[in-house]
Every structure is written in C-alpha cells, then in structure tokens.
Amino acid sequence: MTNEMLEIDGYKVAKQYKYMETHEWVFDQGDGTYKIGISDYAVKMLKELTYVEFPEVGETFSKGDVVIVVESLKASGDVYAPFDLEILEVNESLEDEPQKMNEDPYGEGFLAIIKATGSVEGLLTAEEYIEKLKEYLAEE
Amino acid sequence: MKPYSPYLGVSSEELKEMLQTTIGIDNALELFSDIPDDLILKEAPKLPVGPMTEPEIAEFFTELAKLNKNPTELVSFLGGGVRQIYIPAFLDEVIRRGELYTAYTAYQPEVAQGMLQLLFEYQSLMAELTGMNVVNASMYDWSTAAGEAALMSVRLTGKKNIVIASPISLARRGVLHNYLEPQGIKIVEPYLEKNSPFIRYEELKKAIDENTAAVYLEMPNALGYIDPRAHEIGEITHEAGAKFVVGVDALSLGLLKPPAEYNADIVVGEGQAFGNAPNYGGPLLGIFAFNYDKKDIRRAPGKLIGMTQQEKTGEKGFTITLQAREQHIRRAKATSNICTNESLTAAISAIYLSALGPKGFKELSLGLHKRAQYLKKKLQELEMVQVMFPQAPFFADFSVRYGVSNHKEFIHTMIDRGFVPGYPWDYDPSLFVLGVSELHTRQHFDRFANTLKEVLA
C-alpha cells in the first residue's frame, strides 16, 4: 500500500487516514478492523518517544476514553478512543523500539489494531485535519 | 482589577470586589465549601491574653516553650522508627556545601549535580541494605511509603484488599486509611495471637485470598518484634498472587537479613535515624524500594535519579529519570501525587551512611541490639516490671508493662526524674514500647532501673 502524504509546515498527514482533533489517526483496514496511531504533528510535539503503556488485548473502551499513554523524555500524551472499540492487537515491537513512532508514525509506528463496537462516524478527513493543524499552528 | 499588596491587609470594599466582581462569589467561606460545616471555625478564637508588644510576645512564648522538656536533657526510650540519635559534626558541614545547591527547589530537574549524585548514592545505599534493585529518591516517611506501596500493589494486581500482617501503630494505620479508603481499597486486619506480638497465623492465611493486592508485614513491628514467619508469610502471599510489602526500621538492616532474601516485592521503611534529628516527627525519610520490571517501574511512586554518560566523552552525569509519570508533567493523571520528596534528609542519610561504612553500620546496628538486650535483662531483674513476650526476637525495641494504674502520672513522674519510659501502645496504654539509641550507655540503663525501683516501690 502506498501511503500518499500531504504536508503542512513540515508535518506529514497521511491522505487515506481519518483523524481526531487530539491528533490520533485511524486507518480502516476494510474488514471491520482499524489501525490506530498518532500523527506526525503529535510525535514531533512529544519529541523523542520512550515508552508506550498499552491496554490488554480484548479490553473494551468507549469513545473518548484514554486507551493508550505514550511517553517521551519530558512529556506524556493520552491517546483517546476514536469510537467504541475493542483491542485486537497492540504493537508490541514499540516496547523495544519506541523510536519507530518518531521515524514512521503512520506505518511501523502504529499503536494498535482495534475493532469498532459502535458507530465510526465523526472523524476528520486528512484535509479537515490539516485545517485544524493550521489553526493550531496559527496559535503557536 | 487593581493590584493588591501582599503585605497590607485589604479593606472590606476591596475584599468584596475581589470576591464578587473577580471570582463571582458572595462570601469568602464559599471558597471552603469542601470542608464539612461543623469543622469550620465560625468566629475568631479568643486569645488568652493581649494585645502585646513584640518583646512581650517574645517573652510570653519563651515562657510557654519552657513547659516543653528538651529531649536531649532526658534519657528517652521513645522508639518506633523515629529515634533521638547522635548527629556527628561533619554532617552539617558537608550538607551545607555550595556544590549541592542551586536556586531551584530540589524536585526540579535543574537541581544541582551534587544533589542529584547524593540522591543517586542514597538510592544505591538503600538498594544494598534492602536487597532490592530500584529505590526512589525518597518519600515523606515510613507511613506514606507504606501507603504508596499499597497503592502500587493495587495498580500492579488490579485487586483491592490490603492485608496487614503485623500490629501497626495508630498513626500508620491512619495514614494507610487515608490513602486507601477513599479509593475503595479495603484494609483487612487479622487479630493478634494471644500472648504474642504477632498476628494469628491461621487467621492471616484465611485473610489472604484472590482479592488480596498486598500483604504488609513490619520487621520489626510496632511492638518491636521480628516475625520469624516472614518467609512463610511471603510464600502464602505469592501463592495468592499478591505483592509482599515489608516495612523496616532501616537501622535494623545492619543486623537483619535484607527483605529481598525473604522475597519482598516492595520494601518501605523509616530512614530518619540515618543522621537526621527526630524533627518533632517530621521531616523524616520514607524509604521505597522494589525490583526492576519495565512496566512495574512506571507504576512506582516518586522520583527516580539515574546515572547517564555523555555519548562522546563518557563523562558521567546524574538526572531525574522517568519523569513523564510524575505530577509535574502528568498532572492529575500522575502515577502518584508525590513528586516532591525528602531530598535533604535523603542526602543527609547518604552522607551519614558513607561515613559509617559497612563495618561502622554493622557495629551501630549490633550496638543497638546489645543495648536493648542489656536493658531487657535489667528490667527482667525488677519484680514490678513485666517484660512482655520474652521469647520473641527483637532488634532495638521491646515491650514492657510497669504494673501501674495511672500511666499518665507514671510518665510524668519518670520525666521529672529525667527518663521517658517508652511509648504507651496506642491500643493498650499499660503496654510501653521501649527503644534504645546509640546515645544510651550502661549507666543510663542502670540509673533507669534504679529509678524504676524507687518509683514503682
């Protein structure tokens, strides 16, 4: 799969992905499962990532719950549930190589594979997310 | 809003403006609405005297302070983890050195390298004494460290019962209660064995089950005794999938096995006696130690100091590590709400222990035990004193009954004669826990025994 990238101010945004305002991305794998991760902007804000605190496989969350916590040298960030979900798989390779999140946030640096257990509506398209980023960047 | 001077009082108009216009409430008391109404003082307390001039006030309080006894002028057998000790002169000299300080408070990452190194040394020393391989840069005291250990066990196991496997002081129990109860964590306390300072084993076994997050054992316990079943208690704890938390009087570790050897998962304790004065009960030094696990370490409370190396030159440096789980970064979602600690008392204890060295520390520990043995023997010779649990092993504290009906009066009589005859046990004031320190000499013990003979005659 080629991952077509849009870019704003040096921050990459994967075109086929959906986003949350809080910088999570969601990729529909087409079989009812989704990959989730955090955007290039988010990893660049957190800087060097060092650790991910995963939930258990099989755990369920409601939209807006904190699902995963990512930790960098001097900050930590909550990853929120984009919709009601169940955890199918977590990216355990990040335990040894958390830097993958910095190097390839939309690919090898994904966080988990999830199953939607409710409506998946209400996410931003890549273009809409770029508009949000513009707002954030203007505030900086 | 116009600026108000922090040094001058505000007028009632200004107060009204601050309350109503700025924050939109009518009455300053509304700011304290979280506090139960019956606990709020409705009018100012009546002062016994006054108004006074400054010299009059100074004299008033000097006279008042004279009512306190100076513990250094008494022979005190108060123990229970906090001890009057001898503080060598070099300690003050070293702890005041400029290399240890910057303008930053001690819990900020920019704190001086000297302080960071001392805290790293403190952690390493405590790791050696407890046998555990991770030690945080300290907690407030033994009690809060025990509370944090219970919370960490709950985080690690997902269970909600804490079983107390020793008699513990009322103060410690109070802190545990405050830490745990509001979070829905239950404290389970089996009864003491008859005529024994230990918990009933059968009942303890029953209390430990699939809901147990941690079993908390004190070595020595609040009555002064060392539970010979520590190893077995650890085993039944682990069989139930719970964490084995051991609380220690750190001074005893020059003589007793490190808790790691009887398989403690978390070790907490009091380190005040490592060069710190009793400080009226605080600041003290809470020790918190556990074993490394990549995930567990992030569920641990408090600050951790790490050593690192400059990539090119290999030069060593010290730094606060794993900060992202702490309060100053993670705010309300922090692993624990302790990101400050007792840096100064921890640093003092590192200096103190380094000066003692392993041999000196062993001698200190053994010296305390020998003193306690001597005192026990002296008291056993007295007919009117009942030395409790004579068969139970102890370190530097043990329990007695003096056979008096009015304990308060007895304590005052003894204090007037220059002795604090121990600590009356919280749940039975006729039982006194006596603790010795290295300040005590054979003459002190002999004089104490003679005085008791006279007073109790």
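Read-outs throughout are calculated quantities, based only on the coordinates presented, and are distinct from any laboratory measurement. None of these values were measured; they are calculated from a predicted model. Every residue, glycine among them, receives a Cβ derived from its backbone with ideal geometry; neighbour counts consider all protein chains shown.
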Ellipsoid equivalent to the protein assembly as shown - semi-axes via the Cα gyration tensor, in Å: 52, 32, 25
Decide, for region A:42-102, between rounded, prolate and oblate: order the square roots of the alpha carbon gyration tensor eigenvalues as a ≥ b ≥ c, take rounded if a/c falls under 1.5, and otherwise choose prolate if a/b is larger than b/c, else oblate. oblate
Tell me, Kirkwood radius of region A:7-139 from alpha-carbon pair distances, in Å? 14.7 Å
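Assuming a ≥ b ≥ c are the square roots of the Cα gyration tensor eigenvalues, decide whether region B:43-108 counts as rounded (a/c under 1.5), prolate (otherwise, with a/b larger than b/c) or oblate.
Here region B:43-108 falls in the oblate category.
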Per-residue [θ]222 nm for the protein assembly as shown (sum of -39500 (n - 2.57) over DSSP H runs n ≥ 4, rounded to 500): -9500 deg cm²/dmol
Using each residue's phi in region B:227-238, evaluate 6.51 cos²θ - 1.76 cosθ + 1.60 at θ = phi - 60° and report the 3J(HN,Hα) Karplus result to the nearest Hz, with x for Gly and Pro. 6, x, 9, 3, 4, 5, 4, x, 5, 5, 5, 5
What shape does region B:32-182 have by the C-alpha gyration tensor, where a ≥ b ≥ c are the square roots of the eigenvalues, rounded means a/c under 1.5, and otherwise prolate means a/b greater than b/c and oblate the rest? oblate
Can you divide the C-alpha Rg of chain B by 2.2 N^0.38 Å and report the result to two decimal places? 1.10
Please report the spacing between the Cα centers of region B:346-400 and region A:62-140 in Å, no decimals. 57 Å
So the number of lysine pairs in chain A with alpha-carbon atoms under 14 angstrom apart, 8 or more residues apart or on different chains, is 11
In Å, what is the Rg of the alpha-carbon atoms in region B:89-352, and how long is Dmax? 18.4, 65
For region B:243-251, 3J(HN,Hα) per residue [Karplus equation, 6.51 cos²θ - 1.76 cosθ + 1.60, θ = phi - 60°, Hz, x = Gly/Pro]: 8, 9, 9, 10, x, 10, 7, 4, 4
Cut-off under 19 Å on the C-alpha distance; same-chain residues fewer than 8 positions from residue B:316 excluded. Which aspartates and glutamates are left, in chain and number order? B:99, B:110, B:121
May I ask you to list the lysines whose Cα is less than 18 Å away from that of residue B:243, ignoring any residue fewer than eight positions away on the same chain? B:159, B:160, B:186, B:205, B:206, B:294, B:295
Amide H to amide H under 5 Å from residue B:102: which residues, 5+ apart in sequence or cross-chain, H placed 1.01 Å off N in plane? B:112
Around residue B:248, which amide H atoms from residues at least 5 apart in sequence, or from another chain, sit under 5 Å from its own amide H, with H modelled in the peptide plane? B:219, B:268, B:269, B:270
Taking the Cα atoms of region A:73-140, what is the range of coordinates along each of the three principal axes, in descending order and whole Å? 36, 35, 20
Mind listing the long-range amide H neighbours of residue A:117? Cut-off is under 5 Å, sequence gap 5 or more, other chains count too, H placed in the peptide plane at 1.01 Å from N. A:84, A:85, A:86
Estimated vicinal HN-Hα couplings, Hz - region B:351-364 in sequence order (Karplus 6.51, -1.76, 1.60; Gly, Pro = x): 5, 4, 5, 4, 5, 5, x, x, 5, x, 5, 4, 4, 4
Of the peptides B:268-278, B:403-413, B:56-66, how do they stack up when ordered by the mean number of other Cβ atoms within 10 Å, highest first? B:268-278, B:403-413, B:56-66
Enumerate the lysines that residue B:362 could reach by cross-link, defined here as Cα to Cα under 17 Å, with residues fewer than 8 away along the same chain left out. B:257, B:370
Using a 7 Å offset from the Cα along the Cα-to-Cβ direction at both residue B:49 and residue A:119, what is the distance between the two label points in nm, to one decimal? 7.5 nm
Taking Cα centroids, how far is region B:228-260 from region B:283-320 in Å? 23 Å
